[in-house]
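Data block below; observations after.
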Amino acid sequence: MKASLAQASSAIIQVRDLEKYYSPGVPVLYDLSFAIEPGEVFGIVGHSGAGKSTLLRCFNGLETYQGGSVRVMGREVGTLSEAGIKELRRELGMIFQNFSLMSRKNVFENVAFPLRVWKMPPEAIRERVMELLDMVGLADRAQERIQNLSGGQKQRIGIARAMALNPKILLCDEATSALDPNTTISILELLRDINQRLGITVVVVTHQMEVVKRICHRMLLLDNGRAQALGLAEELFLSPPPSLKRFVEEDFTLIPGGVNIRLVFPREISQQAVITGMVRKLDIDFSIVGGRLDRYRDDVLGFLIINVRHADFDNVVNYLKANHMLWEVLNDGA
Amino acid sequence: MARELLKATLETLYMVGLSTFFSMVIGFGIAVVLIITGPRGLRPNAPVYRVLDVVVNLLRSFPFIILMIALIPLTSLLVGTPIGSTAAMVPLTVAAAPFMARLIEGSLLEVDPDVVEAARSFGASDAQIIFRVLLKEALPAIILNTAVLAIALIGYSAMAGAIGGGGLGAFAYNYGYLRFKTDMMLYAVILLIVIVQGVQSLGNYLYRKLR
């Protein structure tokens, strides 16, 4: 957390000592400090009720806060006038879990709505809407009624609407929670594409670890309105602090006896056959307790829990160190 | 006699049509204030909301026949006379506006609050939210509720007929009840049934079309 404070000057969203409560003594958000850098995909992760959607809404003034500071593009959100808030919102697109589209407007009119709110000329609106629909791959559905679209298509329209005013930041509130796994992936790819191609900062609120793994550079773990972990997403997943562990790992039943070692495969090593190499070089036997490989953004990373004999432990550790493996002893099985 | 029946029909349509229109306008205004100042509104304001809430309930609890008589001074002031179809529109509107306000408030409350939040998220003003989101999304329900109100007003207008408002209600009363011309009364009742059916069908049609 200290590292992010040091980068305060470059941050696009800077949160300091943020506190929010609905009634005194019952904090919803408590003592939050972190920074979101321009151009990154930042994940805010937690169980439902952890306060993550509330935190997201503090960024564009849909929620107020009682203590601390939220600076978005240099502007303190809590002190902005009504006009100032509107100007800020113009630069912050937002998409929602249940899409929040207007059922009586067709696809075109839903995407055009923000442009009409800001009184753009009709010709420019037409052009921009078609451009946006093209971006989300639904240009041929412009005149379709919202209720005739699938969930994934609705969220694409939501994204097109959020992008209408050329925002600098895209806020995503559980944007894929109502979608099936395949649709989730295609929506995440679209968000990633928007982030990479247009350089737009994306803030993702989610309880789905899949989402974080797929698109987030860094993440903040929130529990009961408090920050539990903050850092690079893959690092947090590969060697999770205790607070994150129950989020990311199923419990493996450890083998009694011997030493259980959790090996982490960072990106450089994941393709190489480190484990079989170790077995051949050290001439030892080991048991596999469990493990998993996951796709993080563009890499395949993972961990493996193995059980070795006490007698081999020192050799194994030396080998792992020599090969720059990350590891930890889960328990002394004895 | 047919001409008198026609005249009475037109009087009913005139009274009900215009009172429906006026109560829609006034009711919409009240409903918007209720929605804005309500507990979950855009600008919650408990004192304004409570006062308006009580006034609406108060007006709605008056029996129409009493309201009609109580409003005679106001009617004379506005129309110049307390008698006739035009005069009858004053108590009809006063009785119907709070009713309409409640119906419209209910329709507006049905609009998904997430959609309102989305509109706020890209910078829509309160006025834009009221007219372009709430009213737009609630329009089919408001139209269906207007049909309910218009039909209630047809019933009220028959009562207004009793104190000189004219219309089919008065026709049925004068010819059928006072002069024992059962056939005349029957014609008037049949016409009322046709009008009620017509209004409801029109409401349903517009609802389906707009939805």
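Brief remarks on what is shown
- The range A:255-268 - residue that is crowded, with 16+ Cβ neighbours inside 10 Å and in contact with a Leu (Cβ under 9 Å, 6 or more places away or on another chain) and, of those, modelled with the lowest pLDDT: A:P266
- With respect to (1) touching a residue at least 60 places away in the same chain (Cβ under 8 Å); (2) under 26 Å from A:G199 (Cα atoms); (3) surrounded by 17 or more Cβ atoms within 10 Å (Cβ to Cβ); (4) away from chain B (no Cβ under 14 Å), the lone exception for A:E37 is condition (3).
- Set side by side, the residues B:S125, B:S201 differ, and just one is closer than 30 Å to A:L115 by Cα, free of Cβ contacts under 8 Å to residues at least 60 places away in the same chain and surrounded by fewer than 21 Cβ atoms within 10 Å (Cβ to Cβ), which is B:S125.
- Checked against (1) within 9 Å of chain A (Cβ to nearest Cβ); (2) crowded, with 20+ Cβ neighbours inside 10 Å, B:I104 meets all criteria but (1).
- So A:V136, is it over 26 Å from the mean Cα position of the chain (by Cα) and assigned by TED's automatic domain parsing to the domain that holds A:L191: no
- The set of residues in the range A:161-204 that are part of a helix (DSSP H, G or I) and in contact with an Asp or Glu (Cβ under 9 Å, 6 or more places away or on another chain) comprises A:P181, A:T184, A:I185, A:L188, A:N195.
- Here A:A229 clears all of (1) surrounded by 18 or more Cβ atoms within 10 Å (Cβ to Cβ); (2) within 14 Å of chain B (Cβ to nearest Cβ) except the condition numbered (2).
- Checked across the range A:14-32, the condition of being under 22 Å from A:K168 (Cα atoms) and in contact with a helix residue (DSSP H, G or I) (Cβ under 6 Å, 6 or more places away or on another chain) holds for at least one residue.
- Consider the range B:144-185 and keep the residues that are among the aromatic types (F, W, Y) and assigned to a helix (DSSP H, G or I). The one that is nearest to B:V16 (Cα to Cα) is B:Y156.
- Note on the range B:1-48: among residues that are hydrophobic (A, V, I, L, M, F, W, C) and not in a helix (DSSP H, G or I), the one that is farthest from B:M100 (Cα to Cα) is B:M1.
- Residue list for the range B:186-211, filter: in a helix (DSSP H, G or I) and within 14 Å of chain A (Cβ to nearest Cβ): B:L206, B:Y207, B:R208, B:K209, B:L210
- Cβ-Cβ under 8 Å pairs, at least 6 apart or on other chains, the range B:28-45 side closer than 11 Å to B:L134 by Cβ, far side of a type outside the set (D, E) and outside any helix (DSSP H, G or I): B:I35/B:G41; B:I35/B:L42; B:I36/B:L42; B:I36/B:R43; B:I36/B:N45
- Number of residues in the range A:180-201 that are touching a residue at least 60 places away in the same chain (Cβ under 8 Å) and within 13 Å of the chain's Cα centre (by Cα) equals 4.
- So A:T79, is it more than 10 Å from chain B (Cβ to nearest Cβ), exposed (fewer than 15 other Cβ atoms within 10 Å of the Cβ), hydroxyl-bearing (S, T, Y) and without any contact (Cβ under 8 Å) to a residue 40 or more places away in the chain: yes
- Every pair of residues 6+ apart whose Cβ atoms lie under 8 Å, when the first sits in the range B:68-85 and is closer than 10 Å to B:G165 by Cβ and assigned to a helix (DSSP H, G or I) while the second is modelled with pLDDT of 90 or more and among the aromatic types (F, W, Y): B:S85/B:Y14
- Scanning the range A:202-214 for residues that are touching a residue at least 40 places away in the same chain (Cβ under 8 Å) and surrounded by fewer than 22 Cβ atoms within 10 Å (Cβ to Cβ) yields A:H207, A:M209, A:K213.
- A search for C-beta distances below 7 Å between a residue of the range A:17-30 that is of a type in the set (K, R) and crowded, with 20+ Cβ neighbours inside 10 Å and any residue that is at pLDDT 90 or above and in a strand (DSSP E or B), counting only pairs 6+ apart in sequence or on different chains, returns A:K20/A:V28; A:K20/A:L29.
- Output for the range A:124-146, where each listed residue is within 16 Å of A:E189 (Cα to Cα) and in a loop (DSSP other than H, G, I, E, B): A:V136, A:G137, A:L138
Conditions tested, residue by residue: (1) assigned to a loop (DSSP other than H, G, I, E, B); (2) modelled with pLDDT of 80 or more; (3) farther than 30 Å from A:V212 by Cα.
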{"residue": "A:Q272", "(1), (2), (3)": "yes, no, no"}
{"residue": "A:V279", "(1), (2), (3)": "no, yes, yes"}
{"residue": "A:I284", "(1), (2), (3)": "yes, yes, yes"}
{"residue": "A:V289", "(1), (2), (3)": "no, yes, no"}
{"residue": "A:R292", "(1), (2), (3)": "no, no, no"}
{"residue": "A:V300", "(1), (2), (3)": "no, no, no"}
{"residue": "A:A311", "(1), (2), (3)": "no, yes, yes"}
{"residue": "A:V317", "(1), (2), (3)": "no, yes, yes"}
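- Each residue in the range B:144-156 was checked for being under 11 Å from the mean Cα position of the chain (by Cα) and more than 17 Å from B:L192 (Cα to Cα), and 2 of them qualify.
- Count - residues of the range B:107-142 that are more than 8 Å from every other protein chain (Cβ to nearest Cβ) and in a helix (DSSP H, G or I): 15
- Taken together, the residues in the range B:153-211 that are of a type in the set (D, E) and under 21 Å from B:I69 (Cβ atoms) amount to 0.
- In summary, A:Y65 fulfils each of the numbered conditions (1) in contact (Cβ under 8 Å) with a residue 12 or more places away in the chain; (2) under 30 Å from A:T183 (Cα atoms); (3) not in a strand (DSSP E or B) with the single exception of condition (2).
- If the condition is being within 30 Å of A:N195 (Cα to Cα) and in contact with a Lys or Arg (Cβ under 8 Å, 6 or more places away or on another chain), then the range A:270-299 contributes A:D294, A:R295, A:Y296, A:R297, A:D299.
- If you go through the range A:99-124 and keep only what is surrounded by 17 or more Cβ atoms within 10 Å (Cβ to Cβ) and more than 14 Å from chain B (Cβ to nearest Cβ), you end up with A:V107, A:F108.
The values are calculated or read from the model by the stated rules, or taken from the named source; none is laboratory data. Everything numeric in this text was worked out from a predicted model, so none of it was measured. Here the Cβ is made from the backbone with ideal geometry for all residues, glycine too, and neighbour counts use every protein chain on show.
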